[in-house]
1. If a residue must be over 23 Å from F304 (Cα atoms) and either surrounded by 20 or more Cβ atoms within 10 Å (Cβ to Cβ) or not assigned by TED's automatic domain parsing to the domain that holds V347 (or both), how many such residues does the stretch 210-238 contain?
2. Would you call D372 in the same structural domain as M517 (by TED's automatic domain parsing) and either surrounded by fewer than 18 Cβ atoms within 10 Å (Cβ to Cβ) or more than 29 Å from Y500 (Cα to Cα) (or both)?
3. Scanning the stretch 122-167 for residues that are over 21 Å from the mean Cα position of the chain (by Cα) and of a type in the set (V, I, T), which turns out farthest from V226 (Cα to Cα)?
4. Does G105 qualify as being in contact (Cβ under 8 Å) with a residue 40 or more places away in the chain, surrounded by 22 or more Cβ atoms within 10 Å (Cβ to Cβ) and in the same structural domain as D59 (by TED's automatic domain parsing)?
5. Here are P350, P297, P341, P356: which of them is crowded, with 19+ Cβ neighbours inside 10 Å, over 23 Å from F52 (Cβ atoms) and modelled with pLDDT of 95 or more?
6. Assigned by TED's automatic domain parsing to the domain that holds F140 and without any contact (Cβ under 8 Å) to a residue 12 or more places away in the chain: is that true of K277 in this structure?
7. Just for the stretch 47-92: of the residues that are part of a strand (DSSP E or B) and among the β-branched types (V, I, T), which one is surrounded by the fewest Cβ atoms within 10 Å (Cβ to Cβ)?
8. Output yes when any residue across the stretch 384-393 is within 30 Å of Y177 (Cβ to Cβ), in a loop (DSSP other than H, G, I, E, B) and touching a residue at least 60 places away in the same chain (Cβ under 8 Å), and no when none is.
Amino acid sequence: MKKWQSSLLTSLLMIGIVSSTTVGAEVAVAQTENGTNTSMQQQPTQTEEIPFQILGINDFHGALNTSGSFFDDEGKKTVNTGTAPLLAAYLNHAQEQFSIANTGGQTIRVQAGDMVGASPASSGLLQDEPTIKVLNQMDFSIGTLGNHEFDEGLQEFNRIMLGENPQNDPYGILTAYPREASKTQIVIGNVVKKGTEEIPFGWKPYAIKEVGTANNKVKVGFIGVVTTEIPNLVLKEHYEAYDFLDEAETIAYYSSQLRKLGVNAIVVLAHVPATSKANKVDGEAAEIIKQVDKLYPDNSVDAFFAGHNHQYTNGVVNKTRVVQSTSQGKGYIDLQGTLDPKTNDFVETPNARVLPVDPANKTAPKIDKKVDAVVKDAEERVAMVTNKKIGTAKEASAITREVNGSKESPLGNLITDSQVAMAHAQGINADFAMTNNGGIRADLVVGEDRTITWGAAQAVQPFGNILQVVEMTGSQIEQVLNEQYDEEERYFLQISGLTYTYVATDNKEQPFKVQEMYEKDGTRMQAEQAYQVVINDFLYGGGDGFAGFTQATLVNAIQPDTETFIGYIESQEATGELIAASIENRKKLADPTDPVDPPIIEPNEAEERIKKATIFDPLYEDDELLRGVTLPNAKIVLYVGELPETKTRTIALPEGDLVGQADSEGRIKLNVTSLKIKDKKKLTVIVLDEEQNKAIFSLAILPKREVTLETTNTKELAKTSTGKELPKTGEKEAASIMLSGIVTLGVCGTHLIKRKIL
């Protein structure tokens with residue numbers, strides 16, 4: 001936040017504490033114009049305490065029909081939680097039970113941001129307009145902004161909230177959607193138009209709700225704030241028109257304004273992160289509350305609904321209850337307290353439970369049929385998009401998320417490779433990518449005709465987590481890799497761009513530890529060197545216990561993981577590349593006695609030696625054999641198409657389409673009929689010497705030759721005008737002279753990887 005903004009808020013706060021201000025009066029008038037009664041009334045003579053319930057959610061992300069695992073702060077896991085129809089039913093049930101148990105009790109439903117954005121297909125393809133409909137049916141009356149409301153700009157978010165027609169319809173399914181305006185009032189106090197004090201789109205910094213009856217009521221204030229990290233989380237074009245004011249100063253200031261209006265019961269809806277353990281709250285939410293207490297000790301903030309980092313939170317900071325419901329409708333908050341009309345405040349700090357939306361619970365309610373109808377309608381409308389072909393697989397079988405003994409999976413490799421590749425495509429020099437294995441929700445389903453559909457890819461990464469590009473040192477990366485190896489080893493990472501070895505230990509709490517880490521070119525990683533790593537926002541917040549990621553420095557962001565994965569497959573299809581993935585031993589268990597530094601030759605020397613020794617005959621699409629010469633006994637690995645650099649520069653090469661070997665004199669003679677190279681454009685050929693150093697060649701596949709009477713097949717027997725036979729490929733007699741005249745050779749980005757001895 002700029003100094004002038006901080007000074008302004010602090011000054012206004014101090015003025016507001018001492019006396020009524022013009023600013024306060026203007027806010028009060030604005031609230032009245034918005035339809036919320038802020039008039040000061042004498043307290044009624046009848047003053048019975050009022051039971052009050054607030055049901056809340058955060059980070060819904062358009063999760064109409066998705067489910068996942070809910071974890072509480074003790075690590076207890078509830079599986080298959082969520083979906084909008086079941087969430088609606090649970091909320092209704094909680095409200096009914098509260099009403100039965102508390103005569104005269106009243107309920108308000110609130111949300112703490114990120115209701116839209118990073119959404120699964122059924123909502124996202126329809127610009128989250130189905131989500132607005134189900135939130136209306138669930139009766140959420142007050143909410144705030146999250147960072148994902150900025151994903152396409154606040155103007156587009158405001159259009160969605162107003163139920164106005166869209167300007168664009170990229171898939172041809174949006175224009176006809178029966179949209180409706182949101183019934184949720186947005187409160188946001190710390191977003192203003194740049195250089196001004198004006199909150200955009202007529203939104204208000206707070207709202208006041210009267211709870212109780214005409215003769216016995218209490219005013220409750222709701223203040224909204226969003227994380228000031230927005231500039232690090234969304235595209236510049238979507239945040240550059242706004243200033244983001246300090247969260248604590250904003251809450252303190254508007255709390256003072258509410259107190260002057262006679263509002264002592266105050267709830268904050270804050271899209272800022274929080275965690276808890278045994279009722280103790282940590283994270284930015286806790287720090288903000290502590291700062292508010294310093295700035296304005298009489299703030300009277302009773303409850304704080306957090307969000308953003310998708311973590312279960314339920315605890316108390318000073319006298320403020322702090323809660324968070326995880327994310328994607330997998331859980332909900334049931335906060336209950338008692339309001340006293342004599343003090344216009346809560347009698348004491350409210351109690352709360354954060355509960356899973358569990359379909360297997362014996363008392364689980366039946367799904368809400370009206371919400372279910374909206375969800376099913378949305379699914380039918382997007383089917384034409386989700387069934388669209390986006391890529392072609394190499395094999396007619398699923399690419400699986402099943403892991404090996406080192407917990408590496410083919411699909412995990414494909415996903416992280418795609419993240420590095422797409423970061424590079426956007427001009428971001430990412431070194432590595434890492435993703436939590438739990439975020440890979442399904443195998444990549446492949447059709448019998450090897451088709452990959454939009455829906456199949458989206459099902460793999462359905463949550464649309466924002467991909468952050470962070471800077472980490474080698475030692476920080478080593479820390480997060482070691483965090484995989486706790487006693488239970490429940491949470492682990494899929495990785496790209498680096499490989500590492502790990503060894504067993506005698507420590508039961510950490511049975512394994514990292515031995516050595518290598519970059520994609522085989523260079524050993526350095527502890528103090530900085531690297532750029534693509535991770536999702538869940539990991540960035542320390543999700544799955546990876547605390548090391550919270551020490552990373554955010555430097556950039558790319559599209560959410562769903563769009564990134566789909567976009568990568570589409571880009572491969574556009575260039576005729578097939579989608580394939582395999583186990584590549586990116587994580588390898590080593591014996592502690594194995595040498596760490598294997599004997600190697602200098603990269604340039606080895607690379608040049610392979611290049612100088614290797615020549616291929618022209619390869620035509622109707623040829624049965626690939627011929628050439630290279631180093632004696634060299635290994636030859638063939639790939640149909642152009643192999644991405646992210647794969648060729650790894651220590652462990654992906655499985656080849658065809659593998660062969662030169663003979664003891666270096667002659668190459670490989671039968672390539674199994675590759676079906678007709679109509680293909682090129683082969684990638686990797687030649688490895690006996691030390692496993694390698695060079696990479698791009699070999700053009702030439703069109704079928706037109707055979708005429710004058711053409712002689714020189715590959716079987718070529719004669720000169722004198723009748724003397726020319727040597728066949730690989731023969732010693734003048735072979736290099738003949739080959740240099742006829743060979744077309746493409747060498748593409750030749751690289752060398754040093755061999756590891758493990």
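1. 2
2. no
3. V134
4. It is false that G105 is in contact (Cβ under 8 Å) with a residue 40 or more places away in the chain, surrounded by 22 or more Cβ atoms within 10 Å (Cβ to Cβ) and in the same structural domain as D59 (by TED's automatic domain parsing).
5. Answer to the check: P356.
6. Against the criterion (assigned by TED's automatic domain parsing to the domain that holds F140 and without any contact (Cβ under 8 Å) to a residue 12 or more places away in the chain), K277 does not qualify.
7. Looking at residues that are part of a strand (DSSP E or B) and among the β-branched types (V, I, T), I get V79.
8. yes
The values are calculated or read from the model by the stated rules, or taken from the named source; none is laboratory data. From a predicted model like this one, the values you see are computed outputs, not experimental measurements. Cβ: placed from backbone, ideal geometry, glycine included. Neighbour counts: every protein chain shown.
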